[in-house]
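Each remark here refers to the structure printed beneath this line.
We did not get these values from a lab; they are worked out from the coordinates using the rules stated. The shown structure was predicted, so the numbers you read here are calculated from the model rather than taken from an experiment.
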Amino acid sequence: MDETLKKELLDQLNAELGVKKESKDARFDSSTGTLYANDLKNYAIAHVDSDQFTKGKVYEGGEILNGRIRVVDDNNRPTNIHVEDYDFEFHLHVPK
């Protein structure tokens, strides 16, 4: 992705969230393609019942790395879920 485009997208996101340009509330790591923000959360909602997840339950996730979000399952074990997994609905970068 073009560096100029990445900067424009980050500036647009910051403007929508009301983040000041000089603040350190959000930054984009161009080497990994990861957006880091202090005031944003990621959530995954399970659409299936299994031994790890309960249908309809909302799981709070961590940062998105390599297209995966880390959540803690029902057995209190960290699990990486790909953001294109159809068994989950993802709400990404939701303000706190």
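Step through the residues of the range 48-61 one at a time and calculate ³J(HN,Hα) from phi using the Karplus curve (6.51 cos²θ - 1.76 cosθ + 1.60, θ = phi - 60°), rounding each to whole Hz and writing x for Gly and Pro.
Along the range 48-61, the couplings run 9, 9, 8, 6, 9, 10, 10, 4, x, 7, 9, 10, 7, x Hz.
Enumerate the calculated ³J(HN,Hα) couplings along the range 62-75 in order (Karplus 6.51 cos²θ - 1.76 cosθ + 1.60, θ = phi - 60°), each rounded to whole Hz, writing x wherever the residue is Gly or Pro.
x, 5, 9, 10, 6, x, 10, 10, 8, 10, 9, 7, 5, 9
When the chain is fully extended, how far beyond the present Cα-Cα distance does Asn66 get from Ser30, taking 0.36 nm per residue of separation?
So the extension gain works out to 11.7 nm.
In whole Hz, with x marking every Gly and Pro, tabulate ³J(HN,Hα) for the range 79-94 from phi via Karplus 6.51 cos²θ - 1.76 cosθ + 1.60, θ = phi - 60°.
Once θ is set to phi - 60°, the couplings for the range 79-94 become 9, 9, 10, 6, 5, 9, 6, 6, 7, 9, 10, 10, 10, 9, 6, 8 Hz.
For a bin width of 10 Å, list the pair-distance distribution of the range 48-96 built from all Cα-Cα distances, rounded to whole %.
All Cα pairs, binned at 10 Å, distribute as 25, 60, 15, 0 percent.
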